[in-house]
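FYI, it's all coordinate maths here, none of it is from the lab. Note that the coordinates shown come from a computational prediction; the quantities given were computed from them, not determined experimentally. When we count neighbours, we look across all protein chains shown, and the Cβ atoms used for this are built from the backbone with ideal geometry, even at glycine.
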Amino acid sequence: MNYKTIELQILQLEESFSKSRSNIYSDQNKESHFKELHDLFISIKKSDLKSFLLGDLQNHFHILNYIFKGLEYLDNSTLNIIPFEIISCLKHALNDWVKKDNIILVTSLSNKVEGFYFEVAFSEEYFIQINNYIGALYNISITHRLIRICLPKVLSRDYLSSVVLYHELGHFIDSELNISKRLLANEHSVSLENASNIEQKFYHHTAEYFADLFAAQYVNDSLSIYLNHISNGSVDSLTHPNTNKRIEVVSDFLLSKPNDEITNINNALMISGNEIFKKRHQTIDSTKSDFKNLIPQSFKSKEELHSVFKLGWDCWNNSDTNFLKEFKLRQKYQIINNLIEKSISNFEVVQKWNENK
Amino acid sequence: MFLAQSSNTIESQAPFYKNILEGIIRGEKDVNSESIDNAIKEAKEIANGNKTIFSIDNDSYYLVSTILLNYKAKLIELNKIEISTYQDVLKILK
């Protein structure tokens, strides 16, 4: 790497900024984040790259990548693209775990149907380091931290598969709190970078159980139902436990049955000063729900709001016998998705209305 | 596959710490050098059994745990942080 690497990055980024300049964002924080990234970019552009030592060049390479990634997600989080309803549900779940007001949830829409994930490369520790560095060098700081969610474009309004995003949010929270890493270090005295295959398997499986349990707090067994549909009874791998074991752990959690995986994770959460996993949803009986009258469900609380996904799954699974039985298959799918979307949307509008009264 | 974990788990904060360490070794005064000393001290506390891995702040988890897990034997015997300590930590991060 030399200063030409950074010069090239600057030119590429300039192109990216010129395309993003006309974006209209869904909120003011995104607008100000864009401006801060641009200010940082201009400061770097004006700097004397040729005088930088290798360490500074490497840091600038990372910072420019950080700006690039920020723009990519901001571009996909404009007013008319952002999947507002699912993001609002995830925000409520996020607020239970991350008590900071400088966070912006942003999305990127993938062309791949399996493209659900949270990007965890930029941790809080990274955010602090980058701010320390640019603060000392350019007297600039970045106020907001982006939490980056990627979801398939084609499924961005499919609320049955959206339960996966609660699992992905679980991975993000695990990464924020370093729970699986702490358990790996405590159990095997090793970091992930130096772990053997067995140790890596321990880490990855713990992380999967963490994410599954995190999701189950909010969406009950909806994720297990979906997992069962897509995984076809998969066996243990380096990165994922077998599906049956995953479903069993979630089932034990929901039935409050003793389970070593749950105990280990909850102990780690507790001794590192966090809340433990518990049910954070209030189940809605599908046979008594508003959905059976083909109207959006009203919710009394956020706990009920999170249950809308379980409600949707219950309606889908019983759609040969319930209020949907006379509809064509495609209509059933559309009705459920529309009802979930409108239910969330109504809840959010009423919440905002009440806040501004 | 079957709910991917995340896009990237590479610890990308390492270059910033390396930069601070290289500055300290060159003898430059850096406002952020205190964070390195604090991380070494905290890792030593855990190595000596006075604290646990669960007590590390999330803001510095990567640095403290990396020092702890790769430098434990020397941490236990460490009395004073010297230039050679920074050089050892830099080698770990590289």
- All but one of (1) touching a helix residue (DSSP H, G or I) at 6+ places or on another chain (Cβ under 8 Å); (2) assigned to a helix (DSSP H, G or I); (3) farther than 20 Å from A:ASN132 by Cβ hold for A:GLU15; which doesn't? (1)
- Task: Would you be able to say whether some residue in the range A:104-111 is away from chain B (no Cβ under 12 Å) and in contact with a Phe, Trp or Tyr (Cβ under 8 Å, 6 or more places away or on another chain)?
- Result: yes
- Item | Top-ranked residue of the range B:14-58 - restricted to ones that are surrounded by 14 or more Cβ atoms within 10 Å (Cβ to Cβ), polar (S, T, N, Q) and within 30 Å of A:MET270 (Cα to Cα), ranked as farthest from the other protein chains (Cβ to nearest Cβ) | B:ASN38
- Item | Test result for A:THR243, surrounded by fewer than 17 Cβ atoms within 10 Å (Cβ to Cβ) and either within 14 Å of another protein chain (Cβ to nearest Cβ) or not aromatic (Phe, Trp, Tyr) (or both) | no
- Query: If you check A:PHE214, A:PHE202, A:PHE253, A:PHE210, which single one turns out to be within 11 Å of another protein chain (Cβ to nearest Cβ), of a type in the set (Phe, Trp, Tyr) and touching a residue at least 12 places away in the same chain (Cβ under 8 Å)?
  - Reply: A:PHE210
- Message: Which numbered condition in (1) hydroxyl-bearing (Ser, Thr, Tyr); (2) surrounded by 17 or more Cβ atoms within 10 Å (Cβ to Cβ); (3) away from every other protein chain (no Cβ under 12 Å) is the only one that A:SER191 fails?
- Response: (3)
- Task: Go through the range A:131-157 residue by residue and tally those that are touching a Ser or Thr at 6+ places or on another chain (Cβ under 9 Å) and within 13 Å of chain B (Cβ to nearest Cβ).
- Result: 11
- Reported set for the range A:256-278 where residues are more than 14 Å from chain B (Cβ to nearest Cβ) and exposed (fewer than 15 other Cβ atoms within 10 Å of the Cβ) is A:SER256, A:LYS257, A:PRO258, A:ASP260, A:THR263, A:GLU275, A:LYS278
- Item | Qualifying residue in the range A:164-182 (condition: within 10 Å of chain B (Cβ to nearest Cβ), within 15 Å of A:TYR209 (Cα to Cα) and β-branched (Val, Ile, Thr)) | yes
